[in-house]
Amino acid sequence: MNETFLIDTHSHVDMIEGKTIDDIIANAFTCGVQKIIVPCAYPKDVDKIFELVNKYENLYGLLGVHPSEVKDWDDNLIDKIKEYSKSNKIVGIGEIGLDYYWDKSFIDLQKDVFIKQIKLANELNLPISIHDREAHKDTFDILKEYNKNSKIIMHCFSGSVEFARECLKEGWYLAIGGVVTFKNAVKMKDVAIDVPLDRLLLETDAPYLTPVPYRGKENEPAYVKFVAEEIAKLRGISYEEVALKTSENAQLIFNF
Ligand code: NI
């Protein structure tokens, strides 16, 4: 394909309330977004995500359990995820990691389940979409110790330029979303300028974190174009270059 297109590498399309999946995909297409990766957060949603991405050509799935939901973790999920991962519509494990923002009362359990899922991703040789909220150090240390062969995507990257460089040194990728368009998001804009283009991915994290000019409304994959536009503007390069490079990266990492 010669024309430039975008890939939304992290979008909870199943959680968008105001639109149907058909409309979400059609809007995305109109805005040049051709592929959408749908992460899994809840154990109960593993089947749902698998069915959803198999139903729509432009959707791909990640399977895993979000750190805030690990109380519902069940070791039987490992076999289920292994089975579902035989499908080429499942392109990674996620979103997994640590979240010390919502609840710090079960950190040990968060770590246990995170490590189990890293090992699972390694065994399947699938990339991992990492959720790290106010847990930079522990997330980094666990990944460094346990990850052997999976490509790492720091989803909704929220650290400093210094932390970004630490992650890049490990060979990891940074996914940037709508926050970069917020006027006061100075740290995020610095990261978006500093990260090498071959380590950058775009995402929306829809329905959350809607970029300007729709901040405050429900987010959807089409809006990833505002993220691309902002990053192009910040770096002083063309929109096409951002689109081309980030889509190339996504295709390389997720192997579709
Ligand atoms: Ni997410």
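The values are calculated or read from the model by the stated rules, or taken from the named source; none is laboratory data. These numbers were taken from a predicted model, which means no experiment stands behind them. Positions of Cβ are backbone-derived with ideal geometry, glycine not excepted, and every protein chain shown enters the neighbour counts.
Determine whether the stretch 44-55 contains at least one residue that is modelled with pLDDT of 95 or more and either in a strand (DSSP E or B) or among the hydroxyl-bearing types (S, T, Y) (or both).
No, that holds for no residue.
Any chance you could count how many residues in the stretch 101-112 are within 16 Å of the ligand (Cβ to nearest atom) and either within 25 Å of K35 (Cα to Cα) or out of contact with any Lys or Arg (no Cβ under 6 Å at 6 or more places or on another chain) (or both)?
Residues meeting the conditions: 2.
Run C40 past the list (1) in contact with a Cys (Cβ under 9 Å, 6 or more places away or on another chain); (2) without any contact (Cβ under 8 Å) to a residue 60 or more places away in the chain; (3) not in a helix (DSSP H, G or I) and report the number of the one that doesn't hold.
C40 satisfies every listed condition except (1).
Restricting attention to the stretch 127-170, and to residues there that are within 16 Å of the ligand (Cβ to nearest atom) and part of a loop (DSSP other than H, G, I, E, B), which single residue is nearest to D112 (Cα to Cα)?
Of the stretch 127-170, the ones within 16 Å of the ligand (Cβ to nearest atom) are 127-135, 139, 152-158.
Checking the rest, the ones that are also part of a loop (DSSP other than H, G, I, E, B) come to 127, 134-135, 156-158.
Numbers: P127: 19, E134: 18, A135: 15, C156: 22, F157: 22, S158: 23 Å.
Among those that are within 16 Å of the ligand (Cβ to nearest atom) and part of a loop (DSSP other than H, G, I, E, B), it is A135.
Take the residues of the stretch 204-253 that are in contact with a strand residue (DSSP E or B) (Cβ under 9 Å, 6 or more places away or on another chain) and of a type in the set (V, I, T): which is surrounded by the fewest Cβ atoms within 10 Å (Cβ to Cβ)?
I253
Residue-wise test of (1) within 16 Å of the ligand (Cβ to nearest atom); (2) surrounded by fewer than 22 Cβ atoms within 10 Å (Cβ to Cβ); (3) within 18 Å of S68 (Cβ to Cβ).
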{"residue": "D22", "(1), (2), (3)": "no, yes, no"}
{"residue": "V33", "(1), (2), (3)": "no, no, no"}
{"residue": "I36", "(1), (2), (3)": "yes, no, no"}
{"residue": "E51", "(1), (2), (3)": "no, yes, no"}
{"residue": "Y56", "(1), (2), (3)": "no, yes, no"}
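Which of (1) within 15 Å of the ligand (Cβ to nearest atom); (2) out of contact with any Pro (no Cβ under 7 Å at 6 or more places or on another chain) does L120 not meet, given it meets every other one?
Single failed check for L120: (1).
If the Cβ limit is 6 Å and pairs must be 6+ apart or interchain, which residue in the stretch 189-206 that is more than 17 Å from K151 (Cα to Cα) pairs with which residue that is charged (D, E, K, R) and modelled with pLDDT under 95?
Between residues of the stretch 189-206 that are more than 17 Å from K151 (Cα to Cα) and residues that are charged (D, E, K, R) and modelled with pLDDT under 95, there is no close pair.
All but one of (1) surrounded by fewer than 16 Cβ atoms within 10 Å (Cβ to Cβ); (2) within 16 Å of the ligand (Cβ to nearest atom) hold for L98, so report the exception by its number.
Going through (1) surrounded by fewer than 16 Cβ atoms within 10 Å (Cβ to Cβ); (2) within 16 Å of the ligand (Cβ to nearest atom) one by one, L98 breaks only (1).
Return yes or no: is D74 under 26 Å from E220 (Cα atoms) and surrounded by fewer than 17 Cβ atoms within 10 Å (Cβ to Cβ)?
no
Select from the stretch 66-87 the residues that are farther than 23 Å from A250 by Cβ and among the β-branched types (V, I, T) and write down the one among them that is farthest from the chain's Cα centre (by Cα).
First, pick out the residues of the stretch 66-87 that are farther than 23 Å from A250 by Cβ: 67-80, 82-83.
Applying the additional criterion that residues be among the β-branched types (V, I, T) yields 70, 78.
Details: V70: 18, I78: 20 Å.
Ranking the qualifying residues of the stretch 66-87, first place goes to I78.
Take the stretch 88-125 and flag every residue that is under 16 Å from the mean Cα position of the chain (by Cα) and part of a loop (DSSP other than H, G, I, E, B).
The one that is under 16 Å from the mean Cα position of the chain (by Cα) and part of a loop (DSSP other than H, G, I, E, B): K89.
Quick one: count up the residues across the stretch 58-71 that are more than 17 Å from I24 (Cα to Cα) and buried (at least 16 other Cβ atoms within 10 Å of the Cβ).
Residues meeting the conditions: 9.
If you check every pair at least six apart or on different chains, which have Cβ atoms under 7 Å apart with a residue in the stretch 2-27 that is in a helix (DSSP H, G or I) first and a residue that is of a type in the set (D, E) and within 16 Å of the ligand (Cβ to nearest atom) second?
I24/E220; N27/E220
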